[in-house]
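K.L.:
Sharing a structure here in structure tokens format.
The values are calculated or read from the model by the stated rules, or taken from the named source; none is laboratory data. The structure presented is a predicted model; accordingly, all values stated were derived computationally and were not measured. Cβ: placed from backbone, ideal geometry, glycine included. Neighbour counts: every protein chain shown. Side chains included, ligands, DNA and RNA excluded: accessible areas come from the protein's heavy atoms. Shrake-Rupley method; radii C 1.70, N 1.55, O 1.52, S 1.80 Å.
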Amino acid sequence: IRGAARYLESIAVAGDLIIIPDTDWSFPFEYNGQATVMMPGFDRQTSSGGSALDSALACLDGTPCAHPGRVFVLDYADGTRDWQSELPFELAGHGFRLSEKSFEDVRVREYRITTPSVPAVDCGSLSPRLDIRLGSLQLESAWVVPQPASDTAVAVALCWRAIEQPAADYSSSLILHDPVTGERIGQADKILVNRYGSPTRFWSPDDRVVTYHVVPLPVGTPPIEAQLSTGLYLVENGSMTPVEGVDNLGRPIGEIVPLSDVVLGAPIGLSDSPYGLDRPPGLATPIEVAEGLRLVGMRFNPGPYRPGENVRVGLVWQATTDPMPDHRPALVLEQDGSILAENADQMVNGRYPITQWSEQSLVLEYRDMRVPAGVEGVVQLVLLADGNRFDLGEVTVEGADVLFDRPAMATSVEAQFGDGIALIGADMINDTIHSSGPIDLTLYWQSLSGEISNSYTVFTHLLAEDGHLIAQHDGLPANGQRPTDEWLAGEFVIDPHSLIWRDPSYTGLARVAVGLYDSATGERLQLAGGSDSFYLPQTITITKAE
């Protein structure tokens, strides 16, 4: 505490605000500086109270204690009365974290306030309504801070209602990903608690709880439109069990639920993450690629790859001049002097033009190149820019069998999904099965385009006559061995599934629905007629287990 006090005496000035944990009087006793010291008052708030930070920014006479500028927050390793981490959420909504300095078990975090007043979260007025059930909880709505800077953090509030008494403690995962590349940008996990610090097993039916989350963004994240999703899971005996989401009609929608799009604003220009995230991977010696453009980092998997797989390369660029020339460096795969694949797209797929980059800014982008059929051995990874060639490394390709002859199958079907994916057949389940027996099913797919944009998850759902879920299996094709974004044009893929019982008490008639979805967003591929699932042509009778 004394170390934190001496540090803040040296940098905080009149007009700055220092927020300390409620009921902790040790810091005011040690601090003799000019900044205002206040407690946020979480122990005095009511569930209908206003913003904790807005209250902290108001002096006793109602005038602001801090001009739009600096706020310092003391955080103790032993915790505070801010059980839900509402203060970090509100500070991220009012501005951004700039730095953190540790004094053993005491941390001093510095924030910049850019928006002095932000309305308190009101679940009743938030839109769109979500109404998604995850276990014993209903996710009713969400609020996301608009246009956070791409090198800061995304503040999110989720509004929950307990449908029934939860039997366990749920943890949440907030995931921000790039919808074009599928790369995960940021993630934040925490145990859900109410304002008293109670985890979900102590919530009562119909309790409504707001939870607060901050998803840090790595330095180098470009200002793009990202997608935010969430999910719940249980941690039991050291293992994580995800919770399946269902919509308001009781239909399964996957373990990851899409919340909203998030437009990231221009970066502030931080050189290091104030949240302690690792910097993008750096090169020992940066490469001066072209005038004003420097390659300072790179990462890729050296393989081995199969024909049809994408080689993904992460490139970390730095602008060294302002304004930036419109460079378009090309990334190629080369073998024995021949170019096998090339990616000469604009920077960040054209979503963050290089001419908008500011001097010294870092930008992380990902580029894909597909290994063509028939390639085997060592392949060079090369960067071409302004007539210059830069050897970046090598990847290895090992030949793999790709099936181009139509396989034999018990039942042929015709179901063409989006993105050039066709379901052409199945080896069906027995016409009669017991409710405790195995449910094995093999699907047969064909790639029509060879340019599938995403790695889609296949779902196989055994549904009762009323549409409720009896058994299911979701997974990448061929037990994860043949992701859809690696399929070559015209190839066939054999895809076995073993369904897991969800309602073993059911007896009666059932059918199998098949489809594909983007696991990052939960969005399903549609058939030509607009449906998002295909029913296999078989009616199954389920009898009671003997």
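K.L.:
What's the carbon and sulfur percent of the chain's accessible surface, probe 1.4 angstrom, rounded to a whole number?
P.N.:
On the way: 11680 of 24460 Å².
Carbon and sulfur: 48 percent of the exposed surface of the chain.
K.L.:
Write out the trypsin sites (Lys or Arg not before Pro) in the range 162-251 meeting two conditions: DSSP loop, and at most 13 other Cβ atoms within 10 Å of their Cβ.
P.N.:
Here no loop site has a sparse enough neighbourhood.
K.L.:
Return the whole-Å distance between the Cα centroid of the range 516-546 and the Cα centroid of the range 457-506.
P.N.:
8
K.L.:
Let me ask something additional. Please give the helix 2-11 orientation as an angle from the longest Cα principal axis of the chain, in degrees from 0 to 90, rounded to the nearest 10.
P.N.:
Helix 2-11 sits roughly 80 degrees off the main axis of the chain.
K.L.:
Take the chain, mark every one of the chymotrypsin sites (Phe, Trp or Tyr not before Pro) that falls in a DSSP loop and has at most 13 other Cβ within 10 Å, then report the longest stretch left between them, sites excluded.
P.N.:
Counting at most 13 other Cβ atoms within 10 Å as exposed, the longest clean stretch of the chain is 197-403.
K.L.:
What shape does the range 463-514 have by the C-alpha gyration tensor, where a ≥ b ≥ c are the square roots of the eigenvalues, rounded means a/c under 1.5, and otherwise prolate means a/b greater than b/c and oblate the rest?
P.N.:
prolate
K.L.:
Label point 7 Å out from Asp24 along Cα-to-Cβ: which residues of the range 94-117 have amide N under 14 Å?
P.N.:
What the label zone holds, given the 14 Å backbone N cut-off, is 101-110.
K.L.:
Rounded to the nearest Å, what's the spacing between the alpha carbon centres of the range 404-424 and the range 282-339? Just the number, please.
P.N.:
Using only Cα atoms, the two centres lie 37 Å from each other.
K.L.:
Can you give the charge dipole size of the chain about its Cα centre, rounded to the nearest 20 debye, using +1 on the beta carbon of Lys and Arg and -1 on the beta carbon of Asp and Glu?
P.N.:
920
K.L.:
Starting from the Cα-Cα distance between Glu359 and Ala77, subtract it from 0.36 nm times their residue separation and give me the gain in nm to one decimal.
P.N.:
The Glu359-Ala77 span can extend by a further 97.8 nm.
K.L.:
Express in nm, to one decimal, how much length is gained between Asn388 and Asp440 on full extension, taking 0.36 nm for each residue of separation and deducting their alpha carbon distance.
P.N.:
13.2 nm
K.L.:
Using Cα centres only, tell me the gap between the range 195-219 and the range 376-398 in whole Å.
P.N.:
Taking the Cα centre of the range 376-398 as reference, the centre of the range 195-219 is 48 Å away.
K.L.:
Turning to a different aspect of this structure: Just to be sure I understand, if you calculate Rg and Dmax of the Cα atoms in Å for this structure, which of [x] 27.0, 82; [y] 33.7, 117; [z] 26.6, 86 do you get?
P.N.:
Only one listed value fits the structure, namely [x].
K.L.:
Can you figure out the FRET efficiency of Arg129 with Asn32, using R₀ = 51 Å and their beta-carbon distance, to the nearest 0.05?
P.N.:
0.50
K.L.:
For Thr543, put the label point 7 Å out on the Cα→Cβ axis and report which residues of the range 426-466 keep their amide N under 16 Å from it.
P.N.:
Zone members listed by number: 430-438.
K.L.:
Continuing with the same structure: For the pair Gln526 and Ile268, what calculated FRET efficiency results from E = 1/(1 + (r/R0)^6), where r is the Cβ-Cβ distance and R0 = 25 Å, to the nearest 0.05?
P.N.:
Computed FRET efficiency for Ile268 and Gln526: 0.05.
K.L.:
Let me ask something else about it. What accessible area per residue, rounded to a whole number of Å², is obtained for the chain using a probe radius of 1.4 Å? Walk me through the numbers before you get to the answer.
P.N.:
On the way: 24460 Å² over 546 residues.
Here the residues of the chain average 45 Å² of exposed surface.
K.L.:
Could you calculate the contour length gain from Leu403 to Arg208, that is, 0.36 nm times the residue separation minus the distance between their Cα atoms, to one decimal place in nm?
P.N.:
64.9 nm
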